[in-house]
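Let me begin by presenting the structure, written as structure tokens, before commenting on it.
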Amino acid sequence: MLYLVIFRDLNGGNMKNQRNILKTKFIISILLISFLLFFTISTSLQVNAAYPLQRNAQAMAYDSTNDRIIVYGGETANTYAYWIFDTWAYDYNNNEWTQMNPTGIPYPSVGAVMVYDSDSDKMIAFGGAHAQYYTSNETWIYDYTTNTWYEASPNNVPRLRSGHAMAYDSESDVVIMFGGGLSPNQNPYGDSVVYNDTWAYDLNTDTWTNMTPSVTPLGRGAAHISYDSESDRIILFGGYHLAGSPFLDPTGECYQKDTWAYDYNTNTWENVTPSINPDPRVMHALAYDSESDRIIMFGGYTHLNTEGLQDETWAYDYNNQTWTQMNPAGGLERILHQMAYDSESDLVVLFGGALATQRNDYLDETWVYDYNTDNWTLMPIPEVPDDTNIFFIPTIISLSIIAIVIVKRRRNS
Ligand SMILES: [Ca+2]
Ligand SMILES: [Ca+2]
Ligand SMILES: [Ca+2]
Ligand SMILES: [Ca+2]
């Protein structure tokens, strides 16, 4: 409406000033059109997507206060140029992804691990890589309610790493981190050293503590841990022990199939020895279904399978120390995906991952797993929100006006 008001005022001029008026109209129209086009394009780029880009090695966790799955970063193609730094929130109840465009953006993008601190209602992310040759030991905090990322400044920080594992012990209100590694050039895709250190982070005091338990699992990267709240134990499975890319192990000896349970209260790792073990694997994901009291494990990579990629679903019960292979419909094999348990909906949500070891076939699918019915469901692709193109009509109107102005100007000259 602004340009209509301006044009009405300008029309008060006499015939002498007609050319100047037309010139002014022309300039104003150009300015308005440029602004609207710019706004339309930039707005579309930000919100046009109804769901996140395909990716792997992203960070993901469930915010139980707000009933949202939060996803941050990752890589959307297999080169450093395609690392992404966006934050998304997924609401399973409405199958709705929202791009958050938060204040503050963490630098670590690929391989940062994020967990939800339910006591503080904050996401806590650690490590990962900024870019080629820059592995991180930064601690970043995300608050969904204020839509803000900020970097914490703890005094005592763990070494630089990626490929580590993290989980939140809600009974003790601490984040537990185990292992990971670092390559000499800080390339996140293959480690030359792997760690076996256990750390605890307390957000309330902004303190990392090296726990130095007397017995620890073998050092490893690409493992996963998850917290069993009923038993108050952190459960670890898999990972690779030897340095180097996990894809380059010809014998598979570095792949682990041991199950460990960590109790923060006693600072004790227990080597659980279930009678049945899943095959050794790396780059899988774990999530704890608190309603069913089971750790759910899905996917990953193992040399024992000729194709390498796994589509197995397993459930671990710490109380009985048993792994049970589930039998849902298959075909979702992948690596470097992430999973989080939506406790309000009683479902494990899976997002992203890759379909090839060269990570050249990336996924943008959202799946949910219901342990009670042993069923994976592919969520329908969400539609682009209707209000995305709210600037489309004003742009068309502006284009029409400028066309009329140009025609009039030519007739009058
Ligand atoms: Ca505890
Ligand atoms: Ca349990
Ligand atoms: Ca359940
Ligand atoms: Ca939900």
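The values are calculated or read from the model by the stated rules, or taken from the named source; none is laboratory data. Keep in mind it's a predicted model, so treat the numbers as computed, not measured. Every residue, glycine among them, receives a Cβ derived from its backbone with ideal geometry; neighbour counts consider all protein chains shown.
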Pairs with Cβ under 7 Å, 6+ apart, first in segment 197-214 and hydroxyl-bearing (Ser, Thr, Tyr), second modelled with pLDDT under 95 and not in a strand (DSSP E or B): Thr207/Asn156
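Matching residues to (1) polar (S, T, N, Q); (2) within 16 Å of ligand 2 (Cβ to nearest atom):
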residue	(1), (2)
Thr268	yes, no
Arg281	no, no
Ser290	yes, yes
Ile296	no, yes
Tyr316	no, yes
Met326	no, no
Glu333	no, no
Per-region count, segment 86-124, residues part of a strand (DSSP E or B) and either surrounded by 15 or more Cβ atoms within 10 Å (Cβ to Cβ) or within 16 Å of ligand 1 (Cβ to nearest atom) (or both): 19
Segment 164-178 residues that are assigned by TED's automatic domain parsing to the domain that holds Thr205 and acidic (Asp, Glu), paired with ones that are part of a strand (DSSP E or B) and more than 16 Å from ligand 2 (Cβ to nearest atom) (beta carbon under 6 Å, 6 or more apart): Asp169/Ile176
Hey, Leu286 of a type in the set (A, V, I, L, M), out of contact with any helix residue (DSSP H, G or I) (no Cβ under 7 Å at 6 or more places or on another chain) and on the phi > 0 side of the Ramachandran plot or not: no
Those residues of segment 272-298 which are small (Gly, Ala, Ser) and either in a loop (DSSP other than H, G, I, E, B) or not assigned by TED's automatic domain parsing to the domain that holds Val368 (or both), in sequence order: Ser275, Ser290, Ser292
When residues of segment 325-358 are limited to those that are of a type in the set (A, V, I, L, M, F, W, C), away from ligand 4 (no atom under 16 Å from the Cβ) and within 21 Å of Val113 (Cα to Cα), the one surrounded by the fewest Cβ atoms within 10 Å (Cβ to Cβ): Leu355
Index of the failed condition, Glu230 passing every other in (1) closer than 26 Å to Asp293 by Cα; (2) surrounded by 17 or more Cβ atoms within 10 Å (Cβ to Cβ): (2)
Segment 260-271 residues that are assigned by TED's automatic domain parsing to the domain that holds Tyr318, paired with ones that are assigned to a loop (DSSP other than H, G, I, E, B) and near ligand 1 (Cβ under 10 Å from one of its atoms) (beta carbon under 6 Å, 6 or more apart): Tyr264/Ser172
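Condition check ((1) closer than 26 Å to Asn204 by Cα; (2) touching a helix residue (DSSP H, G or I) at 6+ places or on another chain (Cβ under 8 Å); (3) in the same structural domain as Asn66 (by TED's automatic domain parsing)) across all residues:
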{"position": "Glu96", "(1), (2), (3)": "no, no, yes"}
{"position": "Gln99", "(1), (2), (3)": "no, yes, yes"}
{"position": "Gly104", "(1), (2), (3)": "yes, no, yes"}
{"position": "Tyr107", "(1), (2), (3)": "yes, no, yes"}
{"position": "Gly111", "(1), (2), (3)": "yes, no, yes"}
{"position": "Met114", "(1), (2), (3)": "yes, no, yes"}
{"position": "Ser118", "(1), (2), (3)": "yes, no, yes"}
{"position": "Met123", "(1), (2), (3)": "yes, no, yes"}
{"position": "Gly127", "(1), (2), (3)": "yes, no, yes"}
